[in-house]
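Following: one structure in structure tokens, then a few remarks.
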Amino acid sequence: MASLARKNLFHDRVRFAVTLTGIVFSVVLATVQLGLFLGFTAATADVIDHSGADLWIVSTGATHLEGVTAFGEQQAFRAMATPGVARVEKRVVQFGQWKRPDGAQEGVLLVGFEPAGELGRPWNVVAGDVRALEQADTVFVDELYADKLGVTHLGQTAEIGGYRARVVGFTRGIRTFTTAPPVFTSFKNAQNYFGLREDQVLALLVSVTPGADVAAVQRALAALRDVDVHTTAEWSRRQQTYWMFGTGAGITVLIAAALGIIVGVVVVAQTIYAATVDHIREFGTLKAMGATNGFIYGVILQQALTSGALGYAAGMAIALAVATASQQGTTAILVPPWLALALFALTLGMCALASIVSINKVTRLDPAMVFKG
Amino acid sequence: MTPLLAVEQVTKTYDMGGAPVHALRGVDLALHAGEVLLLLGPSGSGKTTLLSIMGCILQATSGKVIVGGRDVARAAERDLPAVRLRHFGFVFQGFNLFPALTAAENVEVALGLKGVRGRAARTAALEALAAVDLADKASALPANLSGGQKQRVAIARALAGDPSIILADEPTAALDSTSGQLVMDLLRSLASRHERAVVIVTHDSRTIRYADRIVAIEDGRLASTTEAVA
Ligand SMILES: Nc1ncnc2c1ncn2[C@@H]1O[C@H](COP(=O)(O)OP(=O)(O)OP(=O)(O)O)[C@@H](O)[C@H]1O
Ligand SMILES: [Mg+2]
């Protein structure tokens, strides 16, 4: 059985190449599209997931980080007085206008944090010291977007909202979902750039004392008025949901991912079906020779699963190479192990299903099929 | 003498999109060890249908199909592979060899179904090929064999399971006359030397001299039976 299946596959090299090409194409397509979806989803909440905070305090009803409204900083003092709270740090996140050194305008996502604090700091810093942001009118930008921002080296000066912005550091690989690159600055600078009053904040980041129950602290903080208190995970999910499901751009990525899966599944099914039907007369002959249906299923499944596994291996290798290359760009393709595994199962599942559908043709054997000259 | 196989009052009605096609209309036929039976008839008369029902790859609409003393006409689908494996060897007009397998491997597939594997299968396959005078083609792929050689491999394959009945549908139709004769000689000798029964569906009048019995079929009924004078 094993050798019949194997030899059937490798006998007609062209046929086999066509089958593999179909599966490889499908696996690459589905992996890249889903990887893009995951990459975008992660990017929307990058600055939340990397904040190091346990809880976020934002204006009531806020659906996403970029859409919060300002509230008074006295909330920070009240939060600080709540049992179980270790730190409270002020935060500003807003879209702003960046005027490049050459005068061109770009939208940016400005993230203001407390350089002396511990929460919500830029990560993957590759040049400069975060403490340098304590100076007035200083910013960190990401290398990925240096071109877009017209920045080539440290010390260059641009403008944000009419104020000077001197580049004092670079990060590497901090992405946003929108086309607006992230720009880190101090909370104080950000207040200036956005014209906020000195006692206004857009968000508060909270860490709890070691051993404290985050949920209990969250319940205690719920006493604060006119704000919502989310755990970082909840807030991250809310942010991702808003961008991926609530905006046209997100829906577009979602549809592309769904199409990637659908097209992939259809191509795999069609390819395997055609490859199996190609051998239908041989399966009919086997049946006439006294082979049981189980034996014939075995041969057909083995052919389909071998094609599926080889096609998957080659396709995933290509997709992973593409995903690795994408780390150098502003659009990351993420292929976590669970995705690779799920697609492996899906590929083999589709191969098995498509071949079994064609098996039906054999099990209700039409003698005409084997007796035709 | 009990027949190896008997069909009694067999009918077969195909459903052609609602319209019934009466391919067989009550056929009685018994097959005895050692005989070569020729089934002659015009196109569409029901020859292939009858052969398929005899070989248990098609179910009769009504009637009995008695193989080895047991009526299998209404047997469950999953019991039939064992019946086919034990009793029948098929030879097809189009040979139906597995194109990816060598001549010897083609025979080994049939042996494998019988549970013969490995060295024993290889030895038996080579013997079967020698019996059809193709020992030197054991490792040739079907694509590299002539039509007559392919049909001889197919016969070797059909014999490998040592069936009591060989069913051949137009085995010489695709062959030139020399190869055709060789194949008929082979089938003839199988019957006389090994107490098998051989049923051959044919259009080819040159094959008549190989027969012990000639059954003419017309429009789904047996029209006449001629016993050959030995
Ligand atoms: N699967 C099928 N569905 C419907 N009708 C069928 C089917 N197979 C055969 N028939 C019909 O049954 C009749 C007998 O067909 P069969 O193939 O047995 O004839 P045959 O004698 O073998 O013909 P030929 O010499 O052309 O091979 C024909 O009318 C044919 O059209
Ligand atoms: Mg026919």
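The values are calculated or read from the model by the stated rules, or taken from the named source; none is laboratory data. This is a predicted model, so every value here is computed, not measured. A quick note on method: Cβ atoms are made from the backbone with ideal geometry, for glycine too, and the neighbour counts reach across all protein chains shown. Calculation scope for accessible area: heavy atoms of the full protein, side chains included, ligands and nucleic acids excluded. Shrake-Rupley method; radii C 1.70, N 1.55, O 1.52, S 1.80 Å.
Restricting A:Gly290, A:Gly311 to those that are in contact with a Gly (Cβ under 8 Å, 6 or more places away or on another chain), on the phi > 0 side of the Ramachandran plot and of a type outside the set (A, V, I, L, M, F, W, C) reduces the list to A:Gly290. Scanning the range A:228-268 for residues that are part of a helix (DSSP H, G or I) and under 30 Å from A:Val85 (Cβ atoms) yields A:Thr232, A:Ala233, A:Glu234, A:Trp235, A:Ser236, A:Arg237, A:Arg238, A:Gln239, A:Gln240, A:Thr241, A:Tyr242, A:Trp243. Annotation note: of B:Ala158, B:Ala154, B:Ala168, the sole residue that is within 16 Å of ligand 2 (Cβ to nearest atom), open to solvent by less than 20 Å² (accessible area, probe 1.4 Å) and either more than 12 Å from chain A (Cβ to nearest Cβ) or modelled with pLDDT of 90 or more (or both) is B:Ala168. The single condition among (1) at pLDDT 90 or above; (2) within 25 Å of A:Val253 (Cβ to Cβ) that A:Asp46 does not meet is (1). The strands (runs of 3 or more DSSP E) located wholly in the range B:1-120 that include 2 or more residues which are of a type in the set (D, E, K, R) and either within 12 Å of ligand 1 (Cβ to nearest atom) or without any contact (Cβ under 8 Å) to a residue 12 or more places away in the chain (or both) occupy B:5-16.
Listed here are the residues, each with its yes/no results for (1) more than 14 Å from chain B (Cβ to nearest Cβ); (2) in contact (Cβ under 8 Å) with a residue 60 or more places away in the chain.
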residue: A:Phe194; (1), (2): yes, yes
residue: A:Val229; (1), (2): yes, yes
residue: A:Phe245; (1), (2): yes, no
residue: A:Ala256; (1), (2): yes, yes
residue: A:Leu259; (1), (2): yes, yes
residue: A:Gly264; (1), (2): yes, yes
residue: A:Ile272; (1), (2): yes, yes
residue: A:Phe283; (1), (2): no, yes
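Look at the range A:55-68: where a residue is under 11 Å from A:Trp243 (Cα atoms) and a partner is charged (D, E, K, R) and open to solvent by 10 Å² or more (accessible area, probe 1.4 Å), sitting 6+ places away or on another chain with Cβ atoms under 8 Å, you get A:Thr63/A:Arg238; A:His64/A:Arg238. Is it the case that A:Pro122 is under 23 Å from A:Tyr163 (Cβ atoms), modelled with pLDDT of 90 or more, in the same structural domain as A:Lys188 (by TED's automatic domain parsing) and outside any strand (DSSP E or B)? In short, yes.
Within the range B:182-230, the set of residues being within 16 Å of the chain's Cα centre (by Cα), at pLDDT below 85 and among the polar types (S, T, N, Q) comprises B:Ser192 only. When every residue of the range A:55-66 is checked against the conditions, at least one turns out to be more than 26 Å from the chain's Cα centre (by Cα) and either away from chain B (no Cβ under 14 Å) or not in a strand (DSSP E or B) (or both).
What is the number of the single condition among (1) at negative phi; (2) open to solvent by 10 Å² or more (accessible area, probe 1.4 Å); (3) not polar (S, T, N, Q) that B:Gly115 does not meet? Result: B:Gly115 passes all but (1).
Is it fair to say A:Leu109 is in the same structural domain as A:Phe194 (by TED's automatic domain parsing) and touching a residue at least 60 places away in the same chain (Cβ under 8 Å)? It is true that A:Leu109 is in the same structural domain as A:Phe194 (by TED's automatic domain parsing) and touching a residue at least 60 places away in the same chain (Cβ under 8 Å).
Residues checked against (1) among the small types (Gly, Ala, Ser); (2) within 16 Å of ligand 2 (Cβ to nearest atom); (3) away from chain A (no Cβ under 11 Å):
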| position | (1), (2), (3) |
| --- | --- |
| B:Leu51 | no, yes, no |
| B:Gly55 | yes, yes, no |
| B:Glu77 | no, no, no |
| B:Ala124 | yes, no, yes |
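This table checks each residue for (1) touching a helix residue (DSSP H, G or I) at 6+ places or on another chain (Cβ under 8 Å); (2) basic (Lys, Arg); (3) assigned to a loop (DSSP other than H, G, I, E, B); (4) modelled with pLDDT of 90 or more.
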| residue | (1), (2), (3), (4) |
| --- | --- |
| A:Ala132 | no, no, no, yes |
| A:Phe140 | yes, no, no, yes |
| A:Leu144 | no, no, no, yes |
| A:Leu149 | no, no, yes, yes |
| A:Gly155 | no, no, yes, yes |
| A:Ala165 | yes, no, no, yes |
| A:Val168 | yes, no, no, yes |
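Scanning the range A:26-63 for residues that are open to solvent by 40 Å² or more (accessible area, probe 1.4 Å) and over 26 Å from A:Thr330 (Cβ atoms) yields A:Asp54, A:Thr60, A:Gly61.
Of the residues making up the range A:288-297, just one is crowded, with 21+ Cβ neighbours inside 10 Å and more than 7 Å from every other protein chain (Cβ to nearest Cβ), namely A:Ile296.
Only residues that are surrounded by fewer than 22 Cβ atoms within 10 Å (Cβ to Cβ) and in contact (Cβ under 8 Å) with a residue 60 or more places away in the chain were counted across the range B:171-190, and they come to 3. Applying the condition of being within 19 Å of the chain's Cα centre (by Cα) and at pLDDT below 95 to the range B:1-29 and asking which residue is farthest from B:Glu227 (Cα to Cα) yields B:Leu4. For A:Ala321, the conditions (1) in contact (Cβ under 8 Å) with a residue 60 or more places away in the chain; (2) open to solvent by 40 Å² or more (accessible area, probe 1.4 Å) all hold with the exception of (1). When we screen A:Ser307, A:Ser326 for residues that are under 17 Å from the mean Cα position of the chain (by Cα) and either open to solvent by less than 50 Å² (accessible area, probe 1.4 Å) or basic (Lys, Arg) (or both), the only hit is A:Ser326. The residues listed here are B:His194, B:His203; of these, the one that is open to solvent by 10 Å² or more (accessible area, probe 1.4 Å) and within 16 Å of ligand 2 (Cβ to nearest atom) is B:His203. For B:Ala140, are the conditions met, namely being among the aliphatic types (A, V, I, L, M), away from chain A (no Cβ under 13 Å) and touching a helix residue (DSSP H, G or I) at 6+ places or on another chain (Cβ under 7 Å)? So B:Ala140 passes the test. For the range B:18-36, filtered to residues that are surrounded by 20 or more Cβ atoms within 10 Å (Cβ to Cβ) and within 16 Å of ligand 2 (Cβ to nearest atom), the residue that is farthest from the other protein chains (Cβ to nearest Cβ) is B:Val27. Scanning the range B:79-105 for residues that are under 23 Å from B:Thr11 (Cβ atoms) and within 7 Å of chain A (Cβ to nearest Cβ) yields B:Arg84, B:Phe90.
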